[in-house]
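Q: Here it is, the structure in full.
The values are calculated or read from the model by the stated rules, or taken from the named source; none is laboratory data. Keep in mind it's a predicted model, so treat the numbers as computed, not measured. No Cβ is skipped: glycine too gets one built from the backbone with ideal geometry, and neighbour counts run over all protein chains shown.
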């Protein structure tokens, strides 16, 4: 019997080959393939216990209930009450419904978002009339750049990568609108703008960048001048209306939380201005990366060197297109400035959108000023780009290991930011969870040595001493924590555990109620109070706390239900 392979596997591989090397699809295929190859191992990474544990473990009960979706849009962020980011919460809920507490689904989502963004960067650069080879090269650099590792591998880094997806999509739609003046494109632009605002407040910068693009580039470069709107009335009306509605909603929801004044914001940006230098250095010379960077331990020499090199390149490059260079600088600066407000950490994931501005500047430097010579890169440009992509791929592959688990993450934090009390405090917390109490105690004390007012350090020392049965010392630590951090829910809960062991039940009861007053979603406090009241035969109060647990979707053990029913019979 003969098999006609030409009708089986061969056509399939022929089609696959055509798809991979097709002029239209090949850049997207290679971007996705390269990014997936780079980040595949991160799918199996554990949690870092830097906010990801709060989302995935502490609030799993909340994220598992689809009925809570409306609450995302009517209350502050679950982790911090100073933010309003409902769409981010929805993304975590979708992951929780699929994968529960398994990090795999969350990591896979992050990687998928990043690969999509690599494709969007290529599409945007092509829409901005950059040649295919250059757009492809810089999209690949974006995909493998080491400074963006945190946005991909650290699960909460999704804040900026998801924002990137929506902003890039909105901007592409706006460029389409400028070219064709199609209402559908403008509606698409506004729709993605709304989604971006509901993901992170930095999206407010998008209208400014659209205006700058129109004013600096579109007006001067549009081939069909009639296709350029005579004014920005429609755009401003859409941006203004959406922006005002979003701002009013955000202010109403966050009214009970701490608000940052304009004076505070300006002062904070001024104090953190040096971060612009270090951020620039990490884009062009990403050799001093840290999972938890602080200004004191970040060397500015790389940033100053990068700025000097870029400045010289601009001075000596021929036929510079200054409008595009100014636009690139504006994109970098304006998308980065919001991250400097009330921030003591120079998180690298915040460069996710700003890095595109620097790429535009670099494109303007590297491209040949003669359009006829830009259809194909020169051999030396190809070689240089290939080397950069290869080196960045290797650096990212190695650097991503620091996010593999909680110990590796916080050990890198202490190594790269030794003056950070947060790094020492949380490394101590990881050592505590691993049962390394002596090392944990040293790290907590080191954190307090650097900053005597470091939040949570005294609470964590209290836990160690409580486990060692040194109750008097533990109580002093809890009191110190309450003195400097009176709004910290965990310290009241832990202090309550101490009082329970000492038989001081009334104090314990009040402390756990204080925990719930500070955090109405603190499940352990509800559970402990319900059990305590059952033990005291106080079935009325036990029933109340069991009812609260049921409202939050927490199942009550059958034996407790039966005991409660039996106790409440007349």
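Q: Condition check: at pLDDT 95 or above, part of a loop (DSSP other than H, G, I, E, B) and farther than 22 Å from residue 366 by Cα. Does residue 345 satisfy that? Show your work before the answer.
A: Values: at pLDDT 95 or above: no; part of a loop (DSSP other than H, G, I, E, B): yes; farther than 22 Å from residue 366 by Cα: yes.
When the stated conditions are applied, residue 345 does not pass them.
Q: Applying the selection to the stretch 398-413, what residues are in a helix (DSSP H, G or I) and either touching a strand residue (DSSP E or B) at 6+ places or on another chain (Cβ under 9 Å) or surrounded by fewer than 18 Cβ atoms within 10 Å (Cβ to Cβ) (or both)?
A: First, the residues of the stretch 398-413 that are in a helix (DSSP H, G or I): 398-403, 406-413.
398, 401, 407, 408, 411, listed by residue number.
Q: Another one. Pairs only if they're at least six apart or on different chains, beta carbon under 6 angstrom, first in the stretch 337-360 and on the phi > 0 side of the Ramachandran plot, second surrounded by fewer than 20 Cβ atoms within 10 Å (Cβ to Cβ) and in a loop (DSSP other than H, G, I, E, B); list them, first residue then second.
A: Filtered contacts from the stretch 337-360: 342/260.
Per-residue answers, yes or no, for (1) out of contact with any helix residue (DSSP H, G or I) (no Cβ under 9 Å at 6 or more places or on another chain); (2) in contact (Cβ under 8 Å) with a residue 12 or more places away in the chain; (3) under 23 Å from residue 78 (Cα atoms):
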{"site": "456", "(1), (2), (3)": "no, yes, yes"}
{"site": "467", "(1), (2), (3)": "no, yes, no"}
{"site": "472", "(1), (2), (3)": "no, no, no"}
{"site": "495", "(1), (2), (3)": "no, yes, no"}
{"site": "511", "(1), (2), (3)": "no, yes, yes"}
{"site": "521", "(1), (2), (3)": "no, yes, yes"}
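Q: For residue 393, work out the one condition from (1) surrounded by 16 or more Cβ atoms within 10 Å (Cβ to Cβ); (2) not assigned by TED's automatic domain parsing to the domain that holds residue 288 it doesn't fulfil.
A: Every listed condition holds for residue 393 apart from (2).
Q: Among the residues of the stretch 57-76, are any closer than 19 Å to residue 152 by Cβ and outside any loop (DSSP other than H, G, I, E, B)? Talk me through it step by step, then tell me what you get.
A: Residues of the stretch 57-76 closer than 19 Å to residue 152 by Cβ: none.
There is no residue in the stretch 57-76 that is closer than 19 Å to residue 152 by Cβ and outside any loop (DSSP other than H, G, I, E, B).
Q: Working carefully through the options 549, 529, 483, find the one that is part of a helix (DSSP H, G or I), at pLDDT 95 or above and outside the structural domain of residue 445 (by TED's automatic domain parsing). Even if it seems obvious, please write down each step before you answer.
A: On the way: 549 fails: at pLDDT 95 or above; 483 fails: outside the structural domain of residue 445 (by TED's automatic domain parsing).
The conditions single out 529.
Q: Continuing with this model, one more query. Looking at the stretch 379-389, can you tell me whether even one residue there is outside any helix (DSSP H, G or I) and in contact (Cβ under 8 Å) with a residue 40 or more places away in the chain?
A: Filtering the stretch 379-389 down to residues outside any helix (DSSP H, G or I) leaves none.
Among the residues of the stretch 379-389, not one is outside any helix (DSSP H, G or I) and in contact (Cβ under 8 Å) with a residue 40 or more places away in the chain, which makes the answer no.
Q: For residue 249, state whether it is touching a residue at least 12 places away in the same chain (Cβ under 8 Å) and in contact with a helix residue (DSSP H, G or I) (Cβ under 8 Å, 6 or more places away or on another chain).
A: Values: touching a residue at least 12 places away in the same chain (Cβ under 8 Å): yes; in contact with a helix residue (DSSP H, G or I) (Cβ under 8 Å, 6 or more places away or on another chain): no.
So residue 249 does not fit the description; no.
Q: Being assigned to a helix (DSSP H, G or I) and more than 28 Å from residue 256 (Cβ to Cβ): is that true of residue 506 here?
A: On the way: assigned to a helix (DSSP H, G or I): yes; more than 28 Å from residue 256 (Cβ to Cβ): yes.
It is true that residue 506 is assigned to a helix (DSSP H, G or I) and more than 28 Å from residue 256 (Cβ to Cβ).
Q: In the stretch 429-438, which residues are surrounded by 15 or more Cβ atoms within 10 Å (Cβ to Cβ) and in a helix (DSSP H, G or I)? Let's see the steps before the verdict.
A: Kept after step one, since they are surrounded by 15 or more Cβ atoms within 10 Å (Cβ to Cβ), are these residues of the stretch 429-438: 429-432, 436-437.
Listed by number, the residues that qualify are 429, 430, 431, 432, 437.
Q: Here are 169, 151: which of them is touching a helix residue (DSSP H, G or I) at 6+ places or on another chain (Cβ under 9 Å), closer than 28 Å to residue 406 by Cα and touching a residue at least 24 places away in the same chain (Cβ under 8 Å)? Lay out the reasoning, then the answer.
A: Numbers: 169 fails: closer than 28 Å to residue 406 by Cα.
Exactly one residue qualifies, and that residue is 151.
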